[in-house]
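These notes are about the structure you will find just below.
Only the coordinates and a few stated rules stand behind these numbers; no lab work does. Keep in mind it's a predicted model, so treat the numbers as computed, not measured. Because the Cβ atoms are built from the backbone with ideal geometry, glycine has one as well, and the counts that use them run over all protein chains shown.
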Amino acid sequence: MSTEVLAAPAPKTYSGLLDWLTTTDHKKIGLLYLGFAFINIWLGGALAGLIRLNLFNPGWHIIAPNVYNQLITMHATLMIFMAVMPAFAGMGNYLIPLMIGARDMAFPKLNAFSFWIMIPAALMMYVSFFVPGGASRGGWWQYPPLSTFQFMGGHGEDLWILAVILLGISSVTGAINILVTIFDMRAPGMKLMRMPLFVWSWLVTATMLIVALPVLSGTMIMLLADRLFGTGFYRPALGGDPLLYEHLFWFFGHPEVYIMILPGFGMMSHIVPSFAGKKVFGYKGMVYALCAIGLLGYTVWAHHMFTSGITPAAQIYFSICSMLIAIPTGVKIYSWLASMWGGAIRFTTPMLFCLGMIALFTFGGLTGVMLAIVPFDIVVHNTYFVVGHFHYVLVGGSVMALLGGMHFWYPKISGRMLSEKLGHWTFWLIFIGINWVFLPMHWLGIEGMVRRIATYRPQFAFWNQFISLGFFFMLFGGLLFTWNVIVSWKKGQPAQADAWQVNDTQQAFEWMTSSPPPVHNFDEIPAMPAEEHA
Amino acid sequence: MNTATDTLSASAGHAASGEAAHIHLPGPSFWPILLALGMGLVTTGFFFWATGASANWWFGLGAIFCIVPAMGWATTIAAERRHMDPAQTSTDLRRGFLLFLVSESCIFGSFFAHNIYLRFFAPAWPPPGAPVLATQLPAIGTLVLVLSSFTVNIAHHAIKSGKITRAKNWLILTIVMGIVFLGIQAYDWGFLLQFDKFTISKGVFGSGYYLMTGFHGMHVLVGLLMLGLVYWRLERGDYNNPTYSFSTDAAAYYWHFVDIVWIFLFFTIYLLKF
Ligand SMILES: [Cu+2]
């Protein structure tokens, strides 16, 4: 370091609320992200509750169809953009610097900005329910012509579009920060091919975010212009093309599903070997599989459009590419299984969530392969089969992995252990709830129950009532988790630095520093263990 | 291990550099939350304006809450960097900025994709009723903008090697060329609007034309602001370490970016004939 560098004055500090508003500490920002996600998963869950209430009986019509459309749109929006994505961003923020042996992110202030810019976006989303005409009702994909002003008056839709653009700014700045952090701030000796897999998963995710989210913003700018400034980007009368919107949207939308699962894969690759007492199986294969999923994810978007009028050649291409993704995904699943093989498995709560995730995600992945088959997709397109499929992937995959990760790293974050007993109960409630709610949707879909409609034909009543009752499993699971998190924060068993005694095998940096870590993360940056040459 | 990986890990060393005497951590800052507030206000203002309500207060307040925090933020960073390794921080900032440009390209990319898709799949292109765009004047604009990429490059190198007067001269020339380009664009817009009565809502051709050239023009404007800022800082002489000056790098990169996007834009919108 050159001699011109002056000694820094000790930074001034605030306490209480001001501390949270001005913090640039990646750990506190990570917690802010997690808190934001927590609030929104409850709000999004409440919307799901209303949806299930309405669908309990096809004749009740408790909720007007117009309002129902707002509910499904905002349920998806909140869960995708304001719950799952910020939850993973929060875990990434908290853990990446710890895992690579850094003291903070590369751009601590930008990091704070990435979080705070979500707040105006969230407010716009909430407020949109109360503007004349109500919130957006186009579903989260907002296909024109439904989303044009002609068919969707009122300005809730415009608020939705602007809020999504702001959320995109949050994601892109966050992703840039994470990438530069990963490139520039690793501890000495931590080559890329020795990085923890969660960091790798975020490297791929952040790269995908930087490409995908701006495309969404551009697509939304054009949609907004069509609505408010009379342009014709997607309006056939003016020479535009609604099918083109679908292409642009899904060019973002499919990578988005990997953005929402890859960090979960990353967490799994820490938790599963940790509780099997082994090193992760096939590290290199795991890295290459992540990269392959990231790349292939950009070549498959039109599998959402098999019934939208694309050519048979395009159908075949997108079908084959979609099925190809099963290969790297399979690599990951088999690597987790192999990581457990012959190990002394400890069935802790995080491990249970991971095992549940493997089962549920595999199931959701297989129905995904079914949906990639054009003739099958044409039959079940826009039915509850699709709803069942992506909830298995998103709730059974992403949310289960997130819950596993939160139970796993909670001691690191809070310095206290969560109650294992409550954790087991949470797991079983959520695991049963997911299957109870989302499994029957598959046969409902095959029998012809269409999604995004406020009612259904009477013969589907039994299974819909069954599903609606299953909502309570999820609700109690969520309440139990919330209770556990809040109570253990002050009253849990104090956690050791290596809270789960996993570091004999894992040698992970985050378990080498105290729980919770000091504000500078490490008194001394840990040394990379010697490289094993197998 | 391949070479790319090695160069990346070569820079990883600085994470440990804090251990030596003290651990430097960035202090708390009000700027990020205030800037987020400002952007929220501007977005809300845009919403009210675009939906026909009055939005002056939102825009006014929003502008204050965007500009003041942005300036405060930049000043804070400049001050902080005096306590940090200048080579490393400028590498971080440059990488971050290049990634930002990647994301910007992807916004432009969605507009280009829209345009090119229609050229392949629309029943007729250019659509009936679309005016034939004159290419002579925009060609001159293109030439000016391309040349300005060279002049900014000279200015950039001059700053790096400490030749401040030389840098200022070439910077002025670049800024003038940028203004000439914008003037030509404005003339082009005015001509189309006035004589061809060709507006953004006259069909998808016009929508795309105005969106792409307008969005690009906004970027030229931002680029000019950045160049102006560099000039102002040269005038004040506050580049104490020009080798690691990030703001000059950023302005130069941004200007090249704006130039490259325009070359594609000119080719796609003005020259491509199918
Ligand atoms: Cu997809």
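Here is how the numbers come out for the structure above:
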| item | result |
| --- | --- |
| Rg(Cα) / (2.2 N^0.38 Å) computed for chain B, rounded to two decimals | 1.18 |
| Spherically averaged projected area in nm², based on the convex hull that wraps the Cα atoms of the protein assembly as shown | 34.3 |
| Whole-number D in µm² s⁻¹ for the range A:1-113, Kirkwood Cα-pair radius fed into Stokes-Einstein, 4 °C, 1.567 mPa s | 76 |
| Three principal axis lengths of the range B:19-64 [C-alpha, angstrom, descending] | 59, 14, 9 |
| Ordering of B:117-124, A:303-310 by burial proxy (mean other Cβ atoms within 10 Å per residue, highest first) | A:303-310, B:117-124 |
| Cα long-axis angle, helix B:136-160 against chain B (0 to 90 degrees, to the nearest 10) | 0 |
| Ranked B:V204, B:V176, A:V387, criterion: other C-beta atoms within 10 Å, fewest first | B:V176, A:V387, B:V204 |
| Packing-based exposure ordering (other Cβ within 10 Å, fewest first) of A:F129, A:F347, A:F390 | A:F347, A:F129, A:F390 |
| Selection from B:T76, A:S319, B:V230 lying farthest towards where the dipole of the protein assembly as shown points positive, charges on Cβ | A:S319 |
| Equivalent ellipsoid, the range A:389-508 (semi-axes from 5 times Cα gyration tensor eigenvalues, Å) | 37, 15, 10 |
| Estimated vicinal HN-Hα couplings, Hz - the range A:296-303 in sequence order (Karplus 6.51, -1.76, 1.60; Gly, Pro = x) | 4, x, 8, 10, 10, 4, 6, 5 |
| For A:I165, A:I434, order by how many other beta-carbon atoms lie within 10 Å, fewest first | A:I165, A:I434 |
| Over the range A:349-410, volume per residue of the alpha carbon convex hull, in Å³ | 55 |
| Cross-link reach list, lysines versus B:K197, counting only Cα pairs under 25 Å and skipping chain neighbours closer than eight places | B:K273 |
| Residues whose placed amide H lies under 5 Å from that of A:T383, excluding near-sequence neighbours | A:R451 |
| Shielding by partners, peptide A:164-170 (average Cβ within 10 angstrom, other chains) | 2 |
| Principal axis dimensions, the range A:208-338 - Cα atoms, whole angstrom, descending | 63, 32, 18 |
| Cβ charges +1 (Lys, Arg) and -1 (Asp, Glu), total dipole of the range B:125-235, debye | 380 |
| Across A:K28/A:K278; A:K191/A:K284; A:K28/A:K109, pairs whose alpha-carbon gap is larger than 23 Å | A:K28/A:K278 |
| Residue among B:G178, B:F111, B:G40 farthest towards the positive dipole end of chain B, charges placed on Cβ | B:G178 |
